[in-house]
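What follows is one structure encoded as structure tokens, with my remarks underneath.
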């Protein structure tokens, strides 16, 4: 379950995305919202509100109120109540980035940085920008991780031998092996049980690779 | 090493000279009156102090100090004067000249490029990143803003600045929008909309990219002819949601290298490109460089991760992914492909 704190532009779009992905979530905001979604009214920086929202069983929290200091407080409180939670936050000022990381956030992003990057990408390399749009907006292309079970038919084979690319058109960008990562692996790289393949391709075809990896 | 800046030094020098001068005047009067028992005038006191401080050392009759205490006092003032003047003055004059010279030789404006630049409307945290990123890709920017607050910062960064209302035709012309490669609008939504309308009048062909602070303004910006609208607010929302679900798209959007090392680039194929007319397998891109072709744009259509038998055509825009080393290998092997 994911807790979204703050229902502004960022919060609303996070919710849209979570709905599309079929993820469970709850929104926390100080003001009442007129939408029929799981909602807790209150100050997300307080123990009471976070507990009401189910912080104990939440896997992740997105702090996206419009104040950096509020977001810092939310992350701090969330991490105190549930140290295992993945805390993500958005900030307005760049100098807040390091401060938010100090409160224990796992991932902090500044909308000024994102805006700048998006503008530059779409000016300097519009087709890379277009590709990113397909990844994030059109949704028919994705980058995702595929776990390889120990008894997978892929285990012990090289990338070429698995036939992933030939049969599905999906490309392997990297192999995660324990704490290591092999970027752009060669075709003769051997896959081991327990590896995680990071792949790029069309969503439907990636699903096929998931099944192939499990021997289905 | 600079202990103090020039201004502080000048002040310190002035202050110590003043103190020494007053000490001299007061000391002279006291010693002359109470020790040597002579009558003195204020002018005599000043005269004595200046003659002593400047080490001229010539005293008309009746002005010099002749008692032991008086002569000791004279030595003290001469000594202090020498130290302050010979140490203090050079430490002020040289840096002061230096600063003057620097100011005189430094151009007060960064010259505008003739063309091929990007006109950036608004200077703020967002455009600061965008300009940095553009520079990284080899594009020059010219900033237009009606606020002069950041003029000095831009000057130091060597980014040309045009001061004026970005919704004014004259201002955009001054920024050489007519010969520019593109216009980037990073201001408030109303300014962006009005600037885009103005820009279309000045240069109907220019590629316009705009930010929409409020995602609802997106369609308005498209309607008036902006080529691409980005709305960071909605992007960040989607990206954080994906992150929360453990997905990777976020890394690329953020401009970071994916998984800590992979980056994306685009290349346009010309008739001279070595791979035009070949299949992906024949091109040998993968074997020679390790680069992955993750997409090909052709007439607005995107083919994702093309198959080995995919045939490259002139005008195709190829999106590739790989590490920096692989990118370098790619450029070396397929140089001249770029566009």
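Some notes on this structure:
- Check on residue B:65, over 21 Å from residue B:7 (Cβ atoms) and surrounded by fewer than 16 Cβ atoms within 10 Å (Cβ to Cβ): no
- Count of region A:186-198 residues, restricted to those that are in contact with a helix residue (DSSP H, G or I) (Cβ under 6 Å, 6 or more places away or on another chain) and modelled with pLDDT under 90, is 1.
- Flag for residue B:173 being outside any loop (DSSP other than H, G, I, E, B), assigned by TED's automatic domain parsing to the domain that holds residue B:132, under 25 Å from the mean Cα position of the chain (by Cα) and farther than 27 Å from residue A:110 by Cβ: yes
- Residue in region A:51-61 that is within 14 Å of chain B (Cβ to nearest Cβ), closer than 13 Å to residue A:105 by Cα and either surrounded by 15 or more Cβ atoms within 10 Å (Cβ to Cβ) or touching a residue at least 60 places away in the same chain (Cβ under 8 Å) (or both) present: yes
- Residues of region A:169-194 that turn out to be within 11 Å of chain B (Cβ to nearest Cβ) and part of a strand (DSSP E or B), as a count: 9
- No other residue among B:247, B:243 is modelled with pLDDT under 85, within 7 Å of chain A (Cβ to nearest Cβ), more than 30 Å from the chain's Cα centre (by Cα) and part of a helix (DSSP H, G or I) apart from B:243.
- Among the residues of region B:264-313, those that are in contact (Cβ under 8 Å) with a residue 60 or more places away in the chain and more than 19 Å from residue B:328 (Cβ to Cβ) comprise B:268, B:269, B:270, B:272.
- Per-region count, region B:307-323, residues more than 9 Å from every other protein chain (Cβ to nearest Cβ) and in a loop (DSSP other than H, G, I, E, B): 7
- Residue match in region B:301-312 (condition: at positive phi and surrounded by 16 or more Cβ atoms within 10 Å (Cβ to Cβ)): yes
- Once region A:1-30 is narrowed to residues that are free of Cβ contacts under 8 Å to residues at least 40 places away in the same chain, assigned to a loop (DSSP other than H, G, I, E, B) and touching a strand residue (DSSP E or B) at 6+ places or on another chain (Cβ under 8 Å), the residue that is nearest to the other protein chains (Cβ to nearest Cβ) is A:23.
- Meets criteria (within 30 Å of residue A:147 (Cβ to Cβ) and either free of Cβ contacts under 8 Å to residues at least 40 places away in the same chain or not in a strand (DSSP E or B) (or both)) for residue B:209: no
- Of all residues in region B:324-339, those being within 9 Å of chain A (Cβ to nearest Cβ) and over 23 Å from residue A:199 (Cα atoms) number 0.
- Residue among B:171, B:186, B:179 that alone is under 24 Å from residue A:130 (Cβ atoms) and at pLDDT 90 or above: B:186
- Helices (runs of 4 or more DSSP H) fully within region A:99-168 counting 2 or more residues that are facing chain B (nearest Cβ under 7 Å): A:111-124, A:126-133
- Test: residue in region B:86-108 that is in contact with a helix residue (DSSP H, G or I) (Cβ under 7 Å, 6 or more places away or on another chain), assigned to a helix (DSSP H, G or I) and modelled with pLDDT of 90 or more: no
The values are calculated or read from the model by the stated rules, or taken from the named source; none is laboratory data. The structure presented is a predicted model; accordingly, all values stated were derived computationally and were not measured. Virtual Cβ from ideal backbone geometry, glycine too; neighbours counted across all protein chains shown.
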